[in-house]
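Below you'll find the structure, written out as structure tokens, and then a few comments.
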Amino acid sequence: MIDISTNYLGLKLKNPLIASSSPLLKKVEHVKRMEDAGIAAVVMYSLFEEQIIHESLELDHYLSRATNSSAEAVSYLPDIGQYSLLPDKYLENIQKLKKSVNIPVIGSLNGVSKGGWVRYARHIQDAGADALELNLYYISTDPTLTAQELEDTQIELVAEVKSSIKIPLAVKLSPSYTALPNFVKRLAETEVNGLVLFNRFYQPDFDIEELVIAHTLDLSIPTDLRLPLRWIAILSSQVNTDFALTSGVHTYQGVLKAMMAGAKVAMMASELLQNGIGRIPEILHDLGTWMEEHEYISIKQMQGSMSQKSVAEPAAFERANYMKVLSSFQDLP
Ligand SMILES: Cc1cc2nc3c(=O)[nH]c(=O)nc-3n(C[C@H](O)[C@H](O)[C@H](O)COP(=O)(O)O)c2cc1C
């Protein structure tokens, strides 16, 4: 009997497949179906800082730095009248989910500044969430804001959230840090329980006929897996925390690769949005079959087997491999 269980954030999970934060998690009925389909845990859609503290001075400060015009920036924020009930509704949804399913439910907060909204971390805990994922979604556009300043603020924010709750905390990151390994090490020192690599930033496009910004959200494709795969392979053997891989997990092969890199869990959003909840049992079935054929007895045995420390060619994750790959393109066909 193959053991596909794993541990993540101190939670014992029956398998390594988690439904990542997305609108699919807004309906209890969907979460129930995911549980029946075999998902090990779910991360709720995020509660956004903007929904909680529309007029926070600190947030104004961030936004004005980001856009050079706080008035303009605030006009992009959700109308507070329209959204003011949402935080309560969010907490209610956690309570409903906890009553309806037995799998762990991870709450999700999405923010950039410290402030009163941090208390929502505690509210999410009190509503019954088994853990919290904090999504550090910030796009720096200010040439005077240094990496050090930005990272210090984020570390302080994480430390503050961590000290305000008792449930495990994971931090979801973007790949855009100049010295990612150092930042990850600093995050681990705040005693966060896990790191989720990586968030996918929404990328605005241009409508060249209307000369306006086109708001598009593309789902991921399987090759998007390579970015978090490389970084988890590099970091999992050096930083002592639980890594979760998100971005580009569409197949059982994606889950296997995540495990081999050293992740404790693989998270999935786009595949479920695109091809439905029915993909969960297919992926889990194929995962078990592959493991049996390759004589693995457990997921834990596989975790980290292809981390940078474990592979025969550690330079494959670094610059040397780039030169090798480039030189494989010699000429036109
Ligand atoms: C429509 C949509 C909504 C999302 N909403 C959230 C969100 O509220 N909070 C969050 O942390 N991530 C959110 N994400 C990001 C996903 O959780 C996931 O990290 C990302 O899509 C990469 O995984 P994937 O390749 O499996 O889609 C969203 C993604 C999509 C496609």
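Are there any pairs with C-beta distances below 9 angstrom linking a residue in the stretch 196-214 that is over 23 Å from residue 134 (Cα atoms) to a residue that is open to solvent by 100 Å² or more (accessible area, probe 1.4 Å) and more than 16 Å from the ligand (Cβ to nearest atom), with the two at least 6 apart or on different chains, and if so which?
Within 9 Å, the pairs are 212/206; 213/206; 214/206.
Considering each of 216, 178, 241 in turn, give the residue that is β-branched (Val, Ile, Thr), surrounded by fewer than 17 Cβ atoms within 10 Å (Cβ to Cβ) and more than 12 Å from the ligand (Cβ to nearest atom).
Exactly one residue qualifies, and that residue is 178.
Looking at the structure I just gave you, is residue 98 open to solvent by 20 Å² or more (accessible area, probe 1.4 Å) and at pLDDT 95 or above?
Yes; evaluated as a whole, the condition is true for this residue.
Need pairs with beta-carbon distance below 9 Å; first residue within 12 Å of residue 199 (Cα to Cα) and within the stretch 265-277, second charged (D, E, K, R) and near the ligand (Cβ under 9 Å from one of its atoms); sequence gap 6+ or separate chains.
269/200
Can we say residue 322 is without any contact (Cβ under 8 Å) to a residue 12 or more places away in the chain and either open to solvent by 10 Å² or more (accessible area, probe 1.4 Å) or not in a helix (DSSP H, G or I) (or both)?
Taking the combined requirement at face value, the residue satisfies it.
Being part of a loop (DSSP other than H, G, I, E, B), of a type in the set (Gly, Ala, Ser) and under 13 Å from residue 17 (Cβ atoms) is the filter here, so list the residues in the stretch 256-289 that pass it.
Answer for the stretch 256-289, where residues must be part of a loop (DSSP other than H, G, I, E, B), of a type in the set (Gly, Ala, Ser) and under 13 Å from residue 17 (Cβ atoms): 263, 269.
Any idea which residue in the stretch 244-255 is farthest from the ligand (Cβ to nearest atom), counting only those that are open to solvent by less than 10 Å² (accessible area, probe 1.4 Å) and either among the polar types (S, T, N, Q) or part of a helix (DSSP H, G or I) (or both)?
Once the filter is applied, the top-ranked residue is 255.
Quickly run through the stretch 258-272 and pick out the residues that are surrounded by fewer than 24 Cβ atoms within 10 Å (Cβ to Cβ) and away from the ligand (no atom under 11 Å from the Cβ).
Answer for the stretch 258-272, where residues must be surrounded by fewer than 24 Cβ atoms within 10 Å (Cβ to Cβ) and away from the ligand (no atom under 11 Å from the Cβ): just 260.
Just the residues that are in contact with a Lys or Arg (Cβ under 8 Å, 6 or more places away or on another chain), more than 15 Å from the ligand (Cβ to nearest atom) and within 19 Å of residue 239 (Cβ to Cβ), please, taken from the stretch 126-156.
Of everything in the stretch 126-156, those that are in contact with a Lys or Arg (Cβ under 8 Å, 6 or more places away or on another chain), more than 15 Å from the ligand (Cβ to nearest atom) and within 19 Å of residue 239 (Cβ to Cβ) turn out to be 151, 155.
Among the listed residues 191, 160, identify the single one that is farther than 20 Å from residue 7 by Cα, away from the ligand (no atom under 14 Å from the Cβ) and surrounded by 12 or more Cβ atoms within 10 Å (Cβ to Cβ).
Sole residue among the options that is farther than 20 Å from residue 7 by Cα, away from the ligand (no atom under 14 Å from the Cβ) and surrounded by 12 or more Cβ atoms within 10 Å (Cβ to Cβ): 160.
Of everything in the stretch 194-213 that's farther than 18 Å from residue 261 by Cα and of a type in the set (Val, Ile, Thr), which residue is most open to solvent (accessible area, probe 1.4 Å)?
Result: 208.
How many of the residues in the stretch 290-310 are part of a loop (DSSP other than H, G, I, E, B) and either surrounded by fewer than 15 Cβ atoms within 10 Å (Cβ to Cβ) or modelled with pLDDT of 95 or more (or both)?
So the count comes out to 8.
The values are calculated or read from the model by the stated rules, or taken from the named source; none is laboratory data. Nothing here was measured: the structure is a model prediction, and the numbers come from that model. No Cβ is skipped: glycine too gets one built from the backbone with ideal geometry, and neighbour counts run over all protein chains shown. Note: areas computed on protein heavy atoms with side chains; ligands, DNA, RNA excluded. Shrake-Rupley method; radii C 1.70, N 1.55, O 1.52, S 1.80 Å.
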